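> I'd like to ask some things about the structure below.
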Amino acid sequence: MKKIISTVCAVLFMVSASFAVEWGGIINDNTKGSTQNFDSFALQQSNSLYFWLKTPVGKNTFFSAEAFYKYTLDLGNGEKSFLNVIDSDMFKLSGNYKAGNGKFSFDVGRFSVADVSSSVFSQLSDGVSLRYNLPTVRLSAYAGYTGLLNAFSVSMVDDRSVGTPNEQIYTLCHGYVPVMVNVVLPVIFNNQSLSFGFNIFTDVEPTKSNKYYGNLVLSGPLANTLFYRIATTFGSDNFKNCMNYSNIQMYIFPIPTTMIVIGAEYASGNNGFLSPYQSITYIPASKAFDSPLLSGVILPQVTLSVTFGEAWLGANAKYVLGFEKDVSNKGLELGCSFAYNIFTDLKVGCDIAAYMDFSNSGNSLYTATLNAALAF
């Protein structure tokens, strides 16, 4: 047995030396307390262990992988639930090659994917991504499958209530076949950028709810310290309706260490010819509370981010306006975050958030979270 172990260790050492394997990991600790309108209290404890590695497998080709184990214990209202998750959030082969006047690159496997507006599909997926970048245009295409992902670690609209956390560690996500094509014109005039996206999500489940989306994004600088981004997405479910998501953001950098973002989001509800907006990836209207969904709302918001030395401070405010036939005051979200790098490999932080629901005070939620991360 000792001889076998010694041989395996020797082989691993030689492979690592030959292929210059880079690897590491992160240990996370997260403790969250919450109260719903100060009537009930809940405690959530979560710990996770992440491993990652990257190694070249050719002159311009790399293999990357990430895997993790995470458990979450929820205590509240006299009930207890325990969730174990074992998953891989990256397992891919990547390559970069010079091709003519541009650069060709690819990814094959499991990795994060997003549409150009990040309002439809922004999550892990298994598939193939191809990209070709020229000075005047950037082309990309993606095709994949979501049905092998773990619904306990990937949040999709069609998987909001799946599995039994106390009994399962892996349950499959809703199966879509996403096909996405993006065209980016990085400089159309005065450093302004224009992006187009075309997305088809074929539903392979019995529901057969195929979805189609088109994205348009315009962004660029208005001054040395002022930038903007305008995005809109139109979609349809089996070509039976029309839905829209739009947002506008202004980025202000008064000093190099400070960023202020002012903006607003709109997600269609039952507004005339428009139907309620539905994305593929689950996107709540409020980070503090899972309801209302990002549908039939207008969200004015402002965010502040400040970096000083090894510390970071962030604050945000978001007003939730319901927008169906009439505009109604839904709620207000306030949040504050702080992070500090005690050492190069050790980070601690805290988050405080409040969601005040004006339509139903019983849904108001207040949370406080302490977290720490140790890299090795």
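The values are calculated or read from the model by the stated rules, or taken from the named source; none is laboratory data. This structure is a prediction, so every number in the text was calculated from the model and none was measured. FYI the Cβ positions are ideal-geometry reconstructions off the backbone, even for glycines, and counts take in every protein chain you see. When the accessible area is computed, the model is the full protein with side chains, heavy atoms only, and any ligands, DNA or RNA have been set aside. Shrake-Rupley method; radii C 1.70, N 1.55, O 1.52, S 1.80 Å.
> When only residues in segment 237-279 that are aromatic (Phe, Trp, Tyr) and open to solvent by 50 Å² or more (accessible area, probe 1.4 Å) count, which is farthest from Lys325 (Cα to Cα)? So that I can check it myself, show each step before the final result.
First pass over segment 237-279, keeping only residues aromatic (Phe, Trp, Tyr): 239, 245, 251, 253, 266, 273, 277.
Pick out the ones that are also open to solvent by 50 Å² or more (accessible area, probe 1.4 Å) and you get 239, 251, 253, 273.
On the way: Phe239: 23, Tyr251: 32, Phe253: 38, Phe273: 12 Å.
Within segment 237-279, the match that is farthest from Lys325 (Cα to Cα) is Phe253.
> Name every residue in segment 163-207 that is on the phi > 0 side of the Ramachandran plot and at pLDDT 90 or above, in order of residue number.
Asn191
> Residues to consider are Ser364, Ser337; find the one that is within 30 Å of Gly25 (Cβ to Cβ) and buried (at least 17 other Cβ atoms within 10 Å of the Cβ). Full working, then the answer.
Working: Ser364 fails: within 30 Å of Gly25 (Cβ to Cβ).
Just a single option satisfies the conditions, and that option is Ser337.
> Any idea which of (1) within 22 Å of Leu139 (Cα to Cα); (2) out of contact with any Leu (no Cβ under 8 Å at 6 or more places or on another chain); (3) in contact (Cβ under 8 Å) with a residue 40 or more places away in the chain; (4) surrounded by 15 or more Cβ atoms within 10 Å (Cβ to Cβ) is the one Val177 doesn't satisfy?
For Val177, the exception is condition (3).
> Looking only at segment 197-230, which residues are within 22 Å of the chain's Cα centre (by Cα) and open to solvent by 70 Å² or more (accessible area, probe 1.4 Å)?
The answer is Phe198, Ile200, Leu216, Ile230.
> Of everything in segment 196-208, what is over 11 Å from Pro178 (Cβ atoms), touching a Phe, Trp or Tyr at 6+ places or on another chain (Cβ under 9 Å) and of a type outside the set (A, V, I, L, M, F, W, C)? Give them in sequence order.
Selection gives Gly197, Glu205.
> Here are the criteria: (1) touching a Leu at 6+ places or on another chain (Cβ under 9 Å); (2) closer than 26 Å to Val183 by Cβ. Tell me which single one Ala114 does not satisfy.
Checking Ala114 against (1) touching a Leu at 6+ places or on another chain (Cβ under 9 Å); (2) closer than 26 Å to Val183 by Cβ, the one that fails is (1).
> Are any of the residues in segment 197-208 of a type in the set (Ser, Thr, Tyr) and touching a Ser or Thr at 6+ places or on another chain (Cβ under 8 Å)?
Step one: filter segment 197-208 for residues of a type in the set (Ser, Thr, Tyr), giving 202, 207.
This time we only want the ones that are touching a Ser or Thr at 6+ places or on another chain (Cβ under 8 Å), so: none.
No: segment 197-208 contains no residue that is of a type in the set (Ser, Thr, Tyr) and touching a Ser or Thr at 6+ places or on another chain (Cβ under 8 Å).
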